[in-house]
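First comes the structure, then the notes that go with it.
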Amino acid sequence: MTQLQSYIAGRWIGQQPGQQLKSAIDGSAIATTHAEALDFGEALEHARKVGLPAMMKTDFQQRAAMLKALAKYLGERKEEMYALSFHTGATRTDGWVDIEGGTGTLFAYASMAKELPKAGNLWHEGPQMPLGKTGVYAGTHVLVPRGGVAVHINAFNFPVWGLLEKFAPTFLAGLPCIGKPATATSYLTEKLVRLINESGILPEGALQLVIGGTGDLLDRLQVQDVVTFTGSADTAAKLRTTPNLVRHSIPFNAEADSLNCAILAPDVTPDDEEFDLFVKEIAREMTQKAGQKCTAIRRAIVPADRVDAVAAKLKERLAKTTVGDPRLENVRMGALASKSQQVDVAERVATLRQGAEVVFGGGEGFAPVGEGVGEGSFFQPTLLLARNPQNHAAHDVEAFGPVSTLMPYDALDDALALAARGQGSLAGTLVTKEAATAATAIATLAAMHGRLQILDRVAAPESTGHGSALPYLKHGGPGRAGGGEELGGLRAVKHLMQRAAVQGSPAMLAAVTGEGGGA
């Protein structure tokens, strides 16, 4: 059993065992957190006085080169992470999304840096605009490092990608990071940070790790710092109102679990290829990572005269999904991350079952495959059907597991209204054959969604899927989804820098931006 440690102020801290962390597969002890309290004042001072100066001695291109080298280093050691990833309940495919999705994000941001300045740490956003009649006075915008520290608080479902997708743009932006993973799967994040530390690629102080609670960390932050959070909407709301964050207007970016939907358009019939694409998308989002994705499809909105056909097809597909020990080659869905997660999902399913039929699931006869899995955190894929969906709990209650609810509708406008009942979502999918339907629906759906996929037989061969957060596209959504933005290409770097307007003569502006002439 591994004794986990925090990496603070250049040293690993933690000798006394704290909370025991168990395998999602069989309940065996995997690791313990440490009992020692951390000095967050020391952590922040180290980031400010060691990490920040070291990073400011590098420029965008040098930091991009470090990201690329780090991605390569971690890729060569990925099997060490896969071995632990299984114990989070993840299959090899699930682990690929987390581990190689994380290193892929490092590679992506290293590549994007080609568009950043070739030297220095000032980014001219432009364009330059004349502010007078004779052209001797102009204005423009620049982006510079904030001069603070980024605190990244992550959820349990992506222990590797969750840290790296935040770290990559933050490092490019010139901010040292303090990462705090969710405790349940923190043993995998700790392994990641040990590998990063052993690589010697990053400047000292660029990345610190907190195992356990954040204590008074948020209370110690200053005006130049920034906080990002991934997790539940309730926790996001609580952290966002931390008095110190409010008092000092410290940016707080939240990416929260949301009640994402997929809509089958009225033009799609059971004989169409798109009908099968819809069914496959729902089943994949229910079973990938055992449904533990903030982008997973929780509400499947279907024409009323086709809802039973969709239910039958999904039931057939889910029945063929082998659930059990994710290390077994024939297993397609692993376990939830912990026993507490298993209990939470069960309680929420009980709520969702009120006013809904159970199409598949319910637990009867459910037997995960593998030895010793009786003490694991497995949960049967559960598909519900709410025939009167307008006021059903699925618009408000999320079971963060392999659970989805079918909802019938009469006209497209009704489907769009049901989608909006989620009060803001990270992702949505529209399955349609008709461009006119897409044009009408997306114009409405975009107001309440951070990312939208239009799926048809043309896009299907290269589709990255409803739930995939890509480094080049925005990840985040309005309302319940947290109201924040991550990724989205270099937009993520801009979010983490300070934008300032600069006014002066064209010659002065050219000297500041390093661009001759003006414009």
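The values are calculated or read from the model by the stated rules, or taken from the named source; none is laboratory data. All values derive from a computational prediction rather than experimental measurement. Backbone-built Cβ (ideal geometry, glycine too); neighbour counts: all protein chains shown. SASA here: full protein model, heavy atoms, side chains in, ligands and nucleic acids out. Shrake-Rupley method; radii C 1.70, N 1.55, O 1.52, S 1.80 Å.
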Original post:
Expressed as a rounded percentage, what relative contact order does the range 242-306 have, with Cα pairs under 8 Å and six or more residues apart?
Top reply: 45
**OP:** Can you tell me the 0 to 90 degree angle between the C-alpha axis of helix 273-287 and the longest principal axis of the chain, rounded to 10?
**Re:** 70
**OP:** With viscosity set to 1.567 mPa s and temperature to 4 °C, compute the Stokes-Einstein D of the range 344-397, Rh being the Kirkwood radius across alpha carbon pairs; µm²/s, no decimals.
**Re:** 104
**OP:** Could you work out, for the range 76-229, what percent of all Cα-Cα pairs fall into each 10 Å distance bin, beginning at 0 Å and stopping at the bin that holds the largest distance?
**Re:** 10, 34, 30, 16, 7, 4, 1
**OP:** Check each of the GluC sites (Glu not before Pro) in the range 290-350 and keep only those in coil by DSSP with at most 13 other C-beta atoms within 10 angstrom; list them in order.
**Re:** Glu329
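Would you mind counting up the charge near His392? Only other residues with Cβ under 15 Å from its Cβ, with Lys and Arg at +1 and Asp and Glu at -1.
Summing Lys/Arg as +1 and Asp/Glu as -1 gives +2.
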Subject >> 5 angstrom amide H check on Phe378, placed H, neighbours 5+ away >> reply: Leu336
Subject >> Whether the chain is rounded, prolate or oblate, judged on the alpha carbon gyration tensor where a/c under 1.5 counts as rounded >> reply: oblate
**OP:** Would you mind checking the radius of gyration and Dmax of the range 197-335 based on alpha-carbon positions, in Å?
**Re:** 21.9, 61
Original post:
For the range 381-446, what number results from the quotient of the Cα radius of gyration and 2.2 N^0.38 Å?
Top reply: 1.17
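Can you tell me the accessible area per residue over the range 325-468, all protein chains present, probe 1.4 angstrom, in square angstrom?
Accessible area per residue, the range 325-468: 44 Å².
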Subject >> Cα-based equivalent ellipsoid, the range 416-455: semi-axes from gyration tensor eigenvalues, Å >> reply: 17, 10, 8
Original post:
Under a no-solvent Debye model with one identical scatterer per Cα of the range 85-128, what's log10 I(q)/I(0) at q = 0.17, 0.18, 0.20 Å⁻¹?
Top reply: -0.62, -0.65, -0.70
**OP:** Evaluate 2.2 N^0.38 Å with N set to the residue count of the range 380-500, then give the Cα radius of gyration divided by it.
**Re:** 1.17
**OP:** Could you grab the Rg to Rh ratio for the range 199-256? Cα atoms only, Kirkwood for Rh.
**Re:** 1.02
Original post:
Cα-Cα pairs above 25 Å in the range 266-412: how many percent?
Top reply: 25
**OP:** Could you order peptides 502-508, 473-479, 79-85 by the average number of other Cβ atoms within 10 Å of their residues, highest first?
**Re:** 473-479, 79-85, 502-508
**OP:** Please give the helix 186-199 orientation as an angle from the longest Cα principal axis of the chain, in degrees from 0 to 90, rounded to the nearest 10.
**Re:** 40
Original post:
How large are Rg and Dmax for the range 52-137 when only the alpha carbon atoms are used, in Å?
Top reply: 20.1, 68
Subject >> Value of relative contact order over the range 136-293, rounded to a whole percent, pairs C-alpha under 8 Å and six or more apart >> reply: 22
**OP:** Quick one: compute the contact order of the range 315-460, relative version, from alpha carbon pairs under 8 angstrom and 6+ residues apart, as a percent.
**Re:** 19
